[in-house]
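The values are calculated or read from the model by the stated rules, or taken from the named source; none is laboratory data. This is a predicted model, so every value here is computed, not measured. Glycine also receives a Cβ, built like all others from the backbone with ideal geometry; neighbour counts cover every protein chain displayed. Accessible surface is based on the protein model in full, side chains and every heavy atom, while ligands, DNA and RNA are left aside. Shrake-Rupley method; radii C 1.70, N 1.55, O 1.52, S 1.80 Å.
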Number of protein chains: 2
Amino acid sequence: MKGDVHDRTCPSRTLLDRIGDTWSMLVVIALADGSLRYSELAARVDGVSPKMLTQTLRALERDGLLTRTVHPVVPPRVDYALTDLGSSLLDLMRGLEDWAETHIGEVVEARNAYDAR
Amino acid sequence: MKGDVHDRTCPSRTLLDRIGDTWSMLVVIALADGSLRYSELAARVDGVSPKMLTQTLRALERDGLLTRTVHPVVPPRVDYALTDLGSSLLDLMRGLEDWAETHIGEVVEARNAYDAR
DNA sequence: CGGCATCCCCCGGGATACTG
DNA sequence: CAGTATCCCGGGGGATGCCG
């Protein structure tokens, strides 16, 4: 079964929102090299608030893109790791990251030119 | 010069927001095969309101991803076309579209499983 | 440590109506 | 045709405080 993002009623539309989300991208990329704890993610994803981090992690977990593992120890320890499905997004996410970092110069120039008109 | 999306102060962060935006993606993909008029875009990008379409087009134009050409005729005619920079995003956008459409089934299953817990 | 709850403000974005 | 203008509501998202 194939979705159609051009159909406004297709669920794949909501998926486009999720994978296009900045926090989602940064979290997925952060987990590229293996599982991380909540606090490690908070440190790596610069600027994210606890609320948004939790919200993003829950959404990604619900969509089956990552797993959440609670270790019953004191102090608590919770690990997050990409699923196979989540890993299949890595190349795409890194592609977007790379495009943004590579072309940001041109875009800033274009913005300046546009604003100066 | 290279940006760093992991730095919250880097302008490439705003760029990540823009290219991750659902309307931006759909507009860029719609323009893949050549220029389109405003009304043609409105028809192809299912569900977009005039306000969001205009807003999205202005943002993409400002970032140098597409050009806006006004023909001084009656009735008015305005064409939108990707720049080279915009075209360089096409593979990435189509990759995201394809991923979403291919994996939407698995994701819907994952959501149902999660919600049933 | 890893959250969830609450408050609150701002603005994204839809609907509708009007114009060059 | 290709927008702009206005209204208005819902929710995104930050700050703060509490808990197991």
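Once you have all Cα-Cα distances for region A:58-100, histogram them in 10 Å bins from zero and send the whole-percent values.
27, 37, 27, 9, 1
Could you please state how large a percent of the accessible area of chain B is carbon and sulfur, counting protein chains only and using a 1.4 Å probe? Don't jump to the answer; show the numbers that get you there.
Working: 3030 of 5840 Å².
So the carbon and sulfur contribution to the accessible surface is 52 percent.
From the protein chains alone at 1.4 Å, what is the descending order of accessible area for B:85, B:53, largest first?
Of B:85, B:53, the descending order of accessible area is B:85, B:53.
Kindly compute the accessible surface that chains B and A hide from a 1.4 Å probe when together, both sides summed, and give it to the nearest 100 Å². Present the calculation step by step, with values, prior to reporting the outcome.
Working: alone 8380 and 8370 Å², together 11660 Å².
What B and A bury together is about 5100 Å².
Which ³J(HN,Hα) values in Hz, rounded to whole numbers, follow from the phi angles of region A:25-39 under the Karplus curve 6.51 cos²θ - 1.76 cosθ + 1.60, where θ = phi - 60° and Gly and Pro get x?
Result, rounded to whole Hz: 4, 5, 5, 4, 5, 5, 8, 4, 9, x, 5, 9, 7, 3, 5.
When the helix-only estimate is applied to the protein assembly as shown (DSSP H runs of n ≥ 4, each -39,500 (n - 2.57), divided by the residue count), what is the mean residue ellipticity at 222 nm, nearest 500 deg cm²/dmol?
Working: 12 runs with 138 residues, N = 234.
Result for the protein assembly as shown: -18000 deg cm²/dmol, rounded to the nearest 500.
Per the Kirkwood treatment, what hydrodynamic radius in Å, one decimal, follows for region B:9-67 from the mean inverse distance over all distinct Cα pairs?
Details: mean 1/r = 0.0846 Å⁻¹.
Hydrodynamic radius (Kirkwood, Cα pairs) of region B:9-67 is 11.8 Å.
Taking the Cα atoms of chain B alone, what are Rg (to one decimal) and Dmax (as a whole number) in Å?
17.0, 61
Please state the equivalent ellipsoid semi-axes for the protein assembly as shown: what are the square roots of 5 times the Cα gyration tensor eigenvalues, largest first, in whole Å?
Values: eigenvalues 243, 91, 35 Å².
Taking √(5λ) for each eigenvalue gives 35, 21, 13 Å, largest first.
For region B:49-87, list residues with backbone N below 13 Å from a point placed 7 Å from the Cα of residue A:117 toward its Cβ?
Residues B:57-71, B:79-81 fall inside that zone.
Can you list the residues of region A:89-106 whose accessible area drops by at least 30 Å² going from the chain on its own to the full set of protein chains, with a 1.4 Å probe?
Listed in order, they are A:92, A:96, A:97, A:99, A:100, A:101, A:104.
Got a number for the accessible area of residue B:79? Probe 1.4 Å, square angstrom, nearest 10.
Approximately 20 Å² of residue B:79 is accessible to the 1.4 Å probe.
Given a 1.4 Å probe, how much area per residue of the protein assembly as shown is accessible, in Å²?
Details: 11660 Å² over 234 residues.
Result: 50 Å² of accessible area for each residue.
If I model a spin label at residue B:74 and residue A:54 as a point 7 Å from the Cα along the Cα→Cβ vector, what separation in nanometres do I get?
6.2 nm
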